[in-house]
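Bear in mind that the values in this text are calculations on the coordinates, not laboratory data. In this text, all values refer to a predicted model and were calculated from it rather than measured experimentally. Positions of Cβ are backbone-derived with ideal geometry, glycine not excepted, and every protein chain shown enters the neighbour counts.
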Amino acid sequence: ALDKKVKDQREYNAQLLSKMLHLQGNIQVYCRIRPVTISEMQQGAKSVVEALSETEAGCFDERTNKWKSFAFDRTWGPDQSQQRIFQDVEPLALSVVDGYNACIFAYGQTGSGKTFTMEGTPDGNQYGISYRTIQKIFHLLSLRAQQQRAAEMFVGSENSEEPNEQVHFTFSLEIGMLEIYNDEVYDLLSGGTMEEKKEQAKSAGGKASLDVRRNQDGRIEVPGLTKEKVTSINEVMELLKRGNGNRSTAATDMNEHSSRSHMVLIVDVYSGIGESQQNKGTLFLVDLAGSERVRKSKVEGDQLKEAGFINKSLSALGNVMEALDRKASHVPYRDSKLTYLLQDSLGGNSRTMMVVTISPIDASHDESVHALQFATRVRRIQIGAAQRNVTAKNLEETVKALTEEMRSLTRAKERTEGQLMSLKRDNARVQDKLQNLSKSRQQSRSDTKTLEVLKKNNTDMAKRWEKEKASREETVEELDKARKDLRSVQNQLAKSANKLTILEKSLEDKENEMDNLKQKLRQSQNAQSAAAVRSRRDQVLSTRAPNSKPAAARLKASAAKQPEPVEPAADPQSETHEVRSKVLALLEKYDSGKVDRIDIIMEKFKGKESLLLDKMTQRYEGQSANSAPAQTVTNRNELAMQRHQERMRRIREKKANG
């Protein structure tokens, strides 16, 4: 029982809110949830959108496992029929008979049931809002004409100056039909398809599309749009059939019969009693093209281009709604032909209703949530109460209208006074609470002072903390900088260490190579000396005289004549000077042309002066020995012995110094 009371109270509050928004002139937003199709059930689709009540729709998010509700003026579930939907739309749609402008447009993603809601199908009498509205307008106007004729029969023509003059109730309807395709306006009743119109316009040197302009009265109109008068619902059906045949449609993965353009049905209603009072009301019935995601619809070529223009125009509509919701000083109506055409309906003198159609399956969850959020934002838009379009010549009718308006204002005033009384009571309760709070504040002044002291201390501590924080941050920055410098120095040091290791290794290799070369040089020198000794010995044996002494005796004699080993010189400079003087003496004696190059020769053999002396002595003394055969053997043996002793002396000096 309590749940039922809560539910009834919520519905009553929703009705009151809807009436208040209607009085304020807000856009009425109705939500329709289409049923899940058989093919979707076979594919395993789940329903995630449901009608929670007559004014509330709920959407289930499987990712968060939660329901989210959205409030509207009316919510139609999948079980609602076309007739039931028209009963809710009927009051606003039929207000055009009384001279009001009205607009009903369907919004939603592709395949959510917009075209079915607006146009319907003749199968099973499933006509949509457009057909039923025009049919009801004909019925209502015919009924008023019959009532007027009946009133004339009873009352007569007493107020007429001419007894024979009769005043009748007259009415007429004009219907125009256009589509906005790729942000261009095309007439659907002028005959021929769009391609034929483009070819005719190209041959005539013009364009097939129409312009949207503002007339002298300040209203938006489409110059050149075909408007035909109709006198019965059958003629209306023929016009709708002809216009829908020229409309652009295509098949996509999301919808087998996807509308590729926005269709606008314009119904002008003229009614009145003679010339005393003429009412003109205009009804816009708009079937918007569905928003779609290309990755789901998988359109290509021209259909991809159409999808781009459709989404662009719907984005422009969203921008207009957002600007109206924010009450912005500038509303971007001119960003799209669609918003510019609907400017009077969205922000002018009109009663406007939006029917948002929802696809309940889980695959369309994101698009459904977007449409519900957009519809919720539109419901907040307040465009003001619409005014009748009346050209009144009869003062009594004007007075009646003003009286009725005054009565409605009086009722609104009474309701406002009731709300004001409730607000006053609420104000009295708030004042009592404020007095109690002031008393408690007076009692807690000491606490307030303590709090002020604590706040001051807290502020001082916060300032000190900020200073310490700043100093710490500076220290941290300096430390980071020092660490960076240390890293760079360490990197450089590591590179230098690597280079040093490489150089040490190469130096060690060079030293090893040098030692090997020195060893090879010593071996070569020893081998050369041994070869020279053998050569000289062979030469001595070959040049021996027949009457010479036996070889053993000569060897003993030469051994006896060998000089004693010479002691090594103490000073290296004196030794170098002595070698230089000996080499110079040899050059002056044997090769005077090289005396001037003595300095170059000494510099070349620096550190190897004894080797130079040996080579010079061997070279020049060997030439002179050929000229004195008698002394050759003795001199050569002596020289060889001297050179050997000299080499042994140097070796001993190196060992002693090393």
Local net charge near Arg326, Cβ-Cβ under 12 Å (Lys/Arg +1, Asp/Glu -1): +1
Using label points projected 7 Å from each Cα along Cα→Cβ, tell me how many nm separate Arg411 and Glu477, to one decimal. 7.2
With each pseudo-label sitting 7 Å past Cα toward Cβ, what's the Asp268-Val489 distance in nm, one decimal? 9.2
For Tyr100, other-chain or 5+-apart residues with amide H closer than 5 Å (H placed, Pro excluded) are Asn389
Where a Cα-Cα gap under 22 Å defines reach, which lysines qualify for Lys456, not counting those fewer than 8 residues away within the same chain? Lys467, Lys469
Report the label-to-label distance for Lys467 and Ala656 in nanometres (one decimal), using points 7 Å from each Cα along the Cα→Cβ vector. 8.2
With respect to the cross-link table entries Lys227/Lys400; Lys305/Lys327; Lys280/Lys337; Lys68/Lys136; Lys400/Lys424; Lys606/Lys654, which display a Cα-Cα separation exceeding 26 Å? Lys227/Lys400; Lys305/Lys327; Lys68/Lys136; Lys400/Lys424
Tyr30's amide H: which non-local residues (gap 5+, or another chain) put their own amide H closer than 5 Å, with H modeled 1.01 Å from N in plane and none for Pro or chain starts? Met354, Val355, Val356
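Could you work out how much longer the chain between Val533 and Leu420 gets when fully extended? Use 0.36 nm per residue separation minus the Cα distance between them, nm to one decimal.
Using 0.36 nm per residue and subtracting the Cα-Cα distance, I get 26.4 nm.
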All other residues with a Cβ under 15 Å from the Cβ of Asn498 taken together, and with Lys, Arg as +1 and Asp, Glu as -1, what is their net charge? +2
Extension reserve of the Glu603-Lys207 stretch, reckoned as 0.36 nm per residue once the Cα distance is removed: 132.0 nm
Give the Kirkwood hydrodynamic radius (Å, one decimal) of region 417-502, defined as one over the mean of 1/r across all pairs of different Cα atoms. 19.8
When the Cα centres of region 488-524 and region 397-469 are compared, how far apart do they sit, in Å? 90
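Return the FRET efficiency for the residue pair Asp509, Asp460: r is the Cβ-Cβ distance, R0 is 56 Å, and the value is rounded to the nearest 0.05.
The calculated FRET efficiency here is 0.20.
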Rounded FRET efficiency, nearest 0.05, which uses the C-beta distance separating Leu437 from Lys66 and R0 of 35 Å: 0.35
Glu90/Asp3 FRET efficiency (R0 45 Å; Cβ-Cβ; nearest 0.05): 0.90
What the Cα atoms of region 398-550 span along the principal axes, largest first and in whole Å, is 178, 63, 16
Given 0.36 nm per residue, what is the gain on full extension from Thr501 to Asp217 after removing their alpha carbon distance, in nm? 92.6 nm
Which far-off residues, 5 or more places away or on another chain, put their amide H under 5 Å from the one on Gly120, with H placed in the peptide plane? Gly128
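Place the peptides 476-488, 222-234 in order of packing, highest mean first, counting for every residue the other Cβ atoms within 10 Å and averaging per peptide. Can you show the working numbers first?
Numbers: 476-488: 10.0, 222-234: 14.1.
With the highest mean Cβ count within 10 Å placed first, the list reads 222-234, 476-488.
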